[in-house]
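Asks: Got a structure here, written out as structure tokens. Questions coming.
The values are calculated or read from the model by the stated rules, or taken from the named source; none is laboratory data. Just so it is clear, the structure is predicted and the values come from calculations on it, not from any experiment. Here the Cβ is made from the backbone with ideal geometry for all residues, glycine too, and neighbour counts use every protein chain on show. Accessible surface is based on the protein model in full, side chains and every heavy atom, while ligands, DNA and RNA are left aside. Shrake-Rupley method; radii C 1.70, N 1.55, O 1.52, S 1.80 Å.
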Amino acid sequence: MSSCSLSPYRPIYVHINNKFIGIKSINLQFSSQFPYKSTNRKLFRNVSSNSGSVGLRTIVGCRVRTGVSSNDKSFDLAPNEDEALAPNFLEFITSERVKVVSMLALALALCNADRVVMSVAIVPLSLAHGWSRSFSGIVQSSFLWGYLVSPIAGGTLVDYYGGKIIMAWGVALWSLATFLTPWAADTSLLALLAMRAVVGLAEGVALPAMNNMVARWFPQTERARAVAIAMGGFTSGNAIGLVLSPILMSQAGIFGPFVIFGLSGFLWVLVWLSATSSTPDRHPQISKYELEYILREKQKPLLMGNKHKPATVIPPFRRLLSKMPTWSIIVANAMHSWGFFVILSWMPIYFNFVYHIDLRQASWFSAVPWSVMAFTGYLGGLLSDMLIQRGTSVTLTRKILQSIGFIAPGIALIGLTAAKSPVMASAWLTLAIGMKSFSHSGFLVNLQEIAPQYSGVLHGI
């Protein structure tokens, strides 16, 4: 018999009954003979001590996660080639992949802040120029003129070049257009409409790029949470734009928010280009453990950004559009976006004209639902990942989350028609938009699962 004590300063993790138990200091006794044979054996390369060495061939029933040492003893555990250990919560939130999706969340926050600022500015602009409400709608819709064109082309570019470079170009372009909006408004109405169309054109690549990056960086069991984090930034951008825009307007004039948000986008691009990569294997700071975990958990091989062939530039549109799952996602996205953009564009005007409250109050009432949506979206992602981890099929999980994301908001919007005060209206809208976020763990994640190589262009369609 030979025994050794492990160092209390470097904890190890023992895998027992599908659970990891952290141990700081233990005393192990190993016997060179075992009374029975086991098929679950992990090999040690060597066990050594000052007093000699013991050739240890097997240890039954436990798995050591990291190398351990003491003053006089050292262990070297051979890597397990068949599986990677699931990260705990602390490892997950401090991982490089979460840093990447957090940067995506910031980009999407800027995306919506730059978009929603016109929903606030349109009220004083309409008064200054004598625009009717219908013409104000035309001004706001100019954003969608560009947004209608770019998602498919942008999604194709995202799938070919990777999400990093396309997202950088998109943020840079829409930030520049936002920054130049004050100049365009002072020049002519046509210039203002054109500049807002450019904002929409550039922002059309944001969500396809997000989907592409999440598909490349996250295994299936974490994708709903990753999308929830990214979309949390997307919906938080609504709240940021609605709350800050009136404040900035009161301090720096009508066009103050356009300048501030535009400059913020340029700063984001600098950080993004220096701190991220399109794929995990090209990231200079990712740990070996995290990279192995991502690669082993992903169902299909990682697409390398520098190994695309020219033929893959043109996606197989006929094949994609011949599949019913594609059309189910298109219909779900159309219905989701209809409600999302109508509410996003008209909510401040709704509170201003229906309940006759001033612009700043209207912005606060409008911001509450989007803030709640960022929180409930993560709960939906967490629920989705938990269902999959516990054995529920991916298809059934997506259907459950999508059903919640449509039925509950529909009921809440019917309740909105009976609201008699801005407080009740905001409550109904908060419920509707909050539950709407469950769709992000439905069709939005499903894009990455039915066609992972073409998730960008599929989202664009």
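Asks: Between residue 250 and residue 319, what length in nm is gained on full extension when 0.36 nm per residue of separation is reduced by their alpha carbon distance?
Replies: Details: separation 69, 0.36 × 69 = 24.84 nm, distance 5.29 nm.
Full extension from residue 250 to residue 319 adds 19.6 nm.
Asks: Still on this structure, please answer the following. Ignoring ligands and nucleic acids, what accessible area does residue 440 show with a 1.4 Å probe (Å², nearest 10)?
Replies: 10
Asks: Okay, next question. Mind ordering 145-153, 111-119 by average Cβ neighbours within 10 Å, highest first? Please list the in-between numbers first.
Replies: On the way: 145-153: 18.1, 111-119: 26.0.
The packing order, highest mean first, is 111-119, 145-153.
Asks: Separate question: I want to check the label-to-label distance for residue 375 and residue 297. Put each point 7 Å from Cα in the C-beta direction and report it in nm to one decimal.
Replies: 2.7
Asks: Next question, about the same structure. Anything over 25 Å Cα to Cα? Flag those among 99/399; 164/436; 99/164; 164/399; 99/288, in the order listed. Could the numbers behind the result be given before it?
Replies: Details: 99/399 29 Å; 164/436 28 Å; 99/164 13 Å; 164/399 30 Å; 99/288 16 Å.
Checking Cα-Cα distances, 99/399; 164/436; 164/399 exceed 25 Å.
Asks: Further, regarding this structure: What FRET efficiency do you get for residue 266 and residue 287 if R0 is 35 Å and r is their Cβ-Cβ distance, rounded to the nearest 0.05? Before the final figure, lay out the partial values.
Replies: Numbers: r = 31 Å, r/R0 = 0.88.
Using R0 = 35 Å, I get an efficiency of 0.70.
Asks: So what J values fall out for region 112-119 if you push phi through Karplus, 6.51 cos²θ - 1.76 cosθ + 1.60 with θ = phi - 60°, rounded to Hz, Gly and Pro as x?
Replies: Working through the residues one at a time gives 6, 4, 5, 6, 7, 4, 5, 4 Hz.
Asks: Using θ = phi - 60° and the Karplus relation 6.51 cos²θ - 1.76 cosθ + 1.60, list the HN-Hα couplings for region 92-101 in order, rounded to whole Hz, with x at every Gly or Pro.
Replies: 5, 6, 9, 6, 5, 5, 6, 5, 5, 5
Asks: Counting only protein heavy atoms, what percent of the accessible surface of region 94-300 is carbon or sulfur at a 1.4 Å probe?
Replies: That fraction is 69 percent.
Asks: Leaving out ligands and nucleic acids, note down the accessible area per residue over region 94-300 with a 1.4 angstrom probe, in whole Å². Intermediate values should be presented prior to the final figure.
Replies: Details: 7510 Å² over 207 residues.
Accessible surface, normalised per residue, equals 36 Å².
Asks: Another question about this same structure. Work through the residues other than residue 235 whose Cβ is under 13 Å from its Cβ and net out their charges, Lys, Arg +1 and Asp, Glu -1. Walk me through the intermediate numbers first.
Replies: Values: positive: 115, 436; negative: none.
Computed value for this residue: +2.
Asks: Quick check: at a probe of 1.4 Å, how many percent of the accessible area of region 323-460 sits on carbon and sulfur atoms?
Replies: Working: 4520 of 6180 Å².
Within region 323-460, the accessible surface is 73 percent carbon and sulfur.
Asks: Roughly speaking, what is the stretch gain from residue 424 to residue 361, that is 0.36 nm per residue apart minus the C-alpha to C-alpha distance, in nm to one decimal? Intermediate results must be reported in sequence, preceding the final value.
Replies: On the way: separation 63, 0.36 × 63 = 22.68 nm, distance 1.43 nm.
Full extension from residue 424 to residue 361 adds 21.2 nm.
Asks: Also, I was wondering about something else. Give me the accessible area per residue for region 323-460, probe 1.4 Å, as a whole number in Å². Each step should come with its number before you reach the end.
Replies: Values: 6180 Å² over 138 residues.
I get 45 Å² per residue for region 323-460.
Asks: Using 0.36 nm per residue of separation minus the Cα-Cα distance, give me the extension gain between residue 407 and residue 128 in nm, one decimal. List each step's numbers first, then the result.
Replies: Working: separation 279, 0.36 × 279 = 100.44 nm, distance 4.08 nm.
Extending this stretch completely gives an extra 96.4 nm.
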